[in-house]
């Protein structure tokens, strides 16, 4: 605003989509301030994330093959492998086809699934930041923040694709940790305690980066302290982390 308190032209028109995307990495507060001012268009980060996901999808399709992906998933689950070894003839082939189609189909539909997940996550965060921390965010602003904050995840997708096109072995491809961004990527899944492996996989650099951005953005659009945004975001993350690790421990 200028000295008279009237918004400047830049504040009225807002940032461009590309400026908001680049600022998410370089100066995230500028992006989230712009969203708070009512500029909530989110199609560009969604498109960029979708394209990165399909680049990884193509790398897996041409360099690994979804049949091999399904086989790797089954071999990584020792309990399932033991059951299939004692099952009637053809049981493994049936399980392999079902696993392949479900994984490949889910990956192909990832943009739509990501939107649905973003909507549900935004709803939970919107309620938390407003009703627990006294914020004044709209659902639309939280949803836009979510999609911009998710941008660092494209780094993981692109690193995974690069690793495959560079000659990664199909037999060792791990769909759970396809890029060296988490502690789990440096562990051997079959030789590591299941609960520990899940915990290590959740400690992912791109995920934590996105969570930090989400905390900053939620605090800005809600008009609360940044610490409140971090608590809201990482509180939910910690809850789901504990559930995942607990389930892994119970089923290992």
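Values quoted throughout were computed directly from the atomic coordinates according to the rules given, and no laboratory measurement underlies them. The model shown is predicted, which means the values in this text are computed figures rather than measured ones. Positions of Cβ are backbone-derived with ideal geometry, glycine not excepted, and every protein chain shown enters the neighbour counts.
Mind sorting out which of [x] 20.0; [y] 18.1; [z] 18.7 is the real Kirkwood radius over Cα pairs in Å computed from the coordinates?
It is the one labelled [x].
Ranked from highest to lowest mean number of other Cβ atoms within 10 Å per residue, what is the order of the peptides 90-98, 220-228?
Top to bottom by mean Cβ count within 10 Å: 220-228, 90-98.
Using only Cα atoms, tell me the angle between helix 139-149 and the longest principal axis of the chain; keep it within 0 to 90° and round to the nearest 10.
The angle comes out near 60 degrees.
Sequence gap at least 6, Cα distance under 8 Å: using those rules, report the relative contact order of the chain to the nearest whole percent.
Relative contact order for the chain comes out at 24 percent.
Once the piece of chain linking residue 75 and residue 17 is laid out straight, how much longer is it, given 0.36 nm per residue of separation minus the C-alpha distance between them?
Value of the extension gain: 16.5 nm.
Quick check: Cα centre of region 132-156 to Cα centre of region 175-201, how many Å?
Between the Cα centre of region 132-156 and that of region 175-201, the gap is 27 Å.
Need one word for region 73-209: rounded, prolate or oblate. Basis is the Cα gyration tensor (sqrt eigenvalues a ≥ b ≥ c); a/c below 1.5 gives rounded, then a/b vs b/c decides.
It is prolate, given that a/c is not under 1.5 and a/b is the larger ratio.
Using a basic spin-label model with each label point 7 Å from the Cα along Cα→Cβ, how many nm lie between residue 119 and residue 236?
Using points 7 Å along Cα→Cβ, the separation is 1.5 nm.
To the nearest 10 degrees, how steeply does helix 226-251 sit against the main Cα axis of the chain, on a 0 to 90 scale?
Long axis of 226-251 versus the principal axis of the chain: about 10 degrees.
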